[in-house]
Amino acid sequence: MSLLQTCALSVLMFTGASQFALVGVIGAGGNAWAGAATAALLGTRNALYGLRLSSILEVSGWRRFAASHFVIDETTAMAIARDQPAHSRFAFWATGFTLFCLWNLGTLIGALATSVFPDPKTLGLDAAPPAAFLALLAPRLRGREPVAIALAAGVIALAFLPFVPAGVPLLIVATAVVLYGLRSWR
Amino acid sequence: MSWVPLLVAAAACYGIKLAGLSLPQRFLQDPRLQRTIPLLPIALLAALIATQTFSTRSHLVIDVRAAALAVAVVAVVLRAPFLVVVAAGAATAALLRLL
């Protein structure tokens, strides 16, 4: 992945878990399309965030297109934590703008740093993405069912991993959890 | 790597966000979607953690990354901030490789 591609990903995608997933699948030698599908599937939660936010933000026209780019975990959390709509709107835009700037600055610094450190393994950087995923996962593990789903997903992914191309275990897990969710909603 | 999957994935992620803000509320209020969509990141994040910790290409392995994950779990249990969790994982792997 080139410097320009790394930075373009943060500018254009701007949803961390999806970016890490895409890069992770490609880094493991997987098909780029499997990575792209995983990134999109991880991004589906942003649709639910948008649904929560649309009544708070009340955006239309070009503002809706701008606001959409900022619909992520952090902005949603900051916006729905306020009890007055005006405060929520300010929290959303302020968080979105600040994070967008910092996220892209951080991406650029990180991408430039890779030319200084030729082997990322000596810095333990191959262990960083799982730790980041864990930090993103932990707040979602409230109750017995999410923990069971997480453990099952890990086991299923590892069970298929030796036999299918890289990235495909993630799509198998995604299919399994969607079937489980749709069948067990009552 | 090719630009096409990258741009398609970015467009898909943006389209999903835009759909959330644009579609009538009833579209996403289907109880099956309300239940299923939050389960996706749980399963996918867990699968990413497992595959990126316990495999190298198509082989299952246990190496310093497993110890790094264990340290990250401790950091998460102690409610450490995001960057501390990531740094703790990376530092553990780096230190163990030095030994």
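For the reader, a short list of remarks on this structure follows.
- Dipole of the protein assembly as shown [Lys/Arg +1, Asp/Glu -1 at C-beta], most positive-end residue of A:80, B:54, A:125: A:80
- Ordered by the count of other Cβ atoms within 10 Å of each Cβ, fewest first, A:170, A:136, B:98 give B:98, A:136, A:170.
- Debye log10 I(q)/I(0) at q = 0.26 Å⁻¹ for segment A:74-141, Cα point scatterers: -1.07
- Across segment B:57-99, counting alpha-carbon atoms alone, Rg and Dmax equal 11.2, 33 Å.
- Full extension of the chain between residue A:101 and residue A:33 gives 21.7 nm of extra length, using 0.36 nm per residue less the Cα-Cα distance.
- Low-density loop cleavage sites - chymotrypsin sites (Phe, Trp or Tyr not before Pro) in chain B, where at most 10 other Cβ are within 10 Å (DSSP): none
- Cα centroid separation, segment A:30-65 to segment A:119-175 (Å): 21 Å
- Farthest toward the positive end of the dipole of the protein assembly as shown, out of B:78, A:4, B:93, is the Cα of B:78, where the dipole comes from beta carbon charges about the Cα centre.
- Nearest-20 debye value, chain A charge dipole, Cβ charges on Lys, Arg, Asp, Glu: 520 debye
- Largest first and in whole Å, the equivalent-ellipsoid semi-axes of chain B read 34, 19, 14, each the square root of five times a Cα gyration tensor eigenvalue.
- Cβ crowding within 10 Å ranks B:13, A:7 as A:7, B:13, fewest other Cβ atoms first.
- The trypsin sites (Lys or Arg not before Pro) of segment A:58-125 that DSSP puts in a loop, and whose beta carbon has at most 15 other beta carbons within 10 Å, are A:82.
- Cleavage-rule hits, trypsin sites (Lys or Arg not before Pro), segment B:1-94, DSSP coil, Cβ neighbours within 10 Å at most 15: B:57, B:79
- Proportion of all alpha-carbon pairs of chain A beyond 19 Å (%): 66 percent
- Each residue, residue A:66 and residue B:59, gets one label point 7 Å from its Cα in the Cβ direction; the gap between the two is 5.3 nm.
- Across peptide A:60-69, the mean count of Cβ atoms from other chains lying within 10 Å of each residue's own Cβ comes to 3.
- Over chain B, dividing the summed -39,500 (n - 2.57) contributions of all DSSP H runs of at least 4 residues by the number of residues returns a 222 nm mean residue ellipticity of -24500 deg cm²/dmol.
Quick note: the coordinates plus some simple rules give every number you see, no bench work behind them. Because the structure is a prediction, the values reported are computed rather than measured. Cβ: placed from backbone, ideal geometry, glycine included. Neighbour counts: every protein chain shown.
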